[in-house]
Amino acid sequence: MKMITVAGPPSSGKTSVILRIAEGLGLRVGVVKFDCLTSFDKARYEDAGIPVEVGLSGKFCPDHFFVNNVEECHRWGLRNELDVLITESAGLCNRCSPHITGVPGVCVVDCLSGVHTPRKIGPMLKLADVVVVTKGDIVSQAEREVFGWSVRQVNSKARIFFINGITGQGAFMLTKTVADAPDIDALTDRRLRFTTPAAACSYCTGETRIGEYYQMGMMRKLQFSEE
């Protein structure tokens with residue numbers, strides 16, 4: 001079974017891109033959607049006839065939730081005899097690192113988010129194999145080129161595809177890239193491409209009161225210039 005990790009900021013068009021991939025592959029594709037509080041994408045996948053599972057991390061870090069469950073996701077894909085398993089991660093803090101060594105990683109960003117956005121995104125863009133830029137039909141050619149240049153400043157090795165999630169224009173090459181991906185027999189002992197965000201403090205365990213007296217564990221204080 002082939003496996004692809006797809007990540008990106010909220011509402012960047014990840015689900016639309018995945019639907020276009022599934023449409024163009026002609027294979028049995030399944031999706032596991034990771035999100036925090038709620039997700040409305042399950043219905044879209046079901047309407048397209050795509051097997052889907054949704055995992056909501058709730059109060060847990062989405063990255064930690066992902067790495068704790070991704071092995072089971074792979075087993076789910078094997079049980080369902082999928083040809084391609086795609087995991088979709090929301091990347092809510094832009095620090096997420098849901099890409100796995102040896103597993104093709106895709107980051108989806110949109111042109112409307114601002115030309116400096118690629119520099120604000122961490123490992124999910126910097127360590128991706130493919131960067132998909134969406135909503136390029138809404139901006140000018142010059143703006144698309146500047147945005148692509150900004151992506152290149154962050155990740156010089158990734159392939160960049162401009163895709164229209166509504167019409168599917170530009171999705172052919174991405175579909176071909178997915179079709180050429182290697183088979184993944186198991187995820188045990190594979191490594192994330194980057195460490196997950198670190199936190200082990202009193203607020204992680206349910207503390208809600210503000211004040212240094214209540215702050216314990218791994219903490220970081222802001223340094224003001226006048227100090």
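Checking each residue in region 116-136 for being of a type outside the set (Gly, Ala, Ser) and either within 18 Å of PHE194 (Cβ to Cβ) or modelled with pLDDT under 90 (or both) picks out PRO118, ARG119, LYS120, ILE121, PRO123, MET124, LEU125, LYS126, LEU127, ASP129, VAL130, VAL131. Per the listing VAL54, VAL29, the residue uniquely out of contact with any Leu (no Cβ under 7 Å at 6 or more places or on another chain), of a type in the set (Val, Ile, Thr) and at pLDDT 90 or above is VAL54.
The values are calculated or read from the model by the stated rules, or taken from the named source; none is laboratory data. All figures in this text were calculated on a predicted structure; none of them were measured in a lab. Virtual Cβ from ideal backbone geometry, glycine too; neighbours counted across all protein chains shown.
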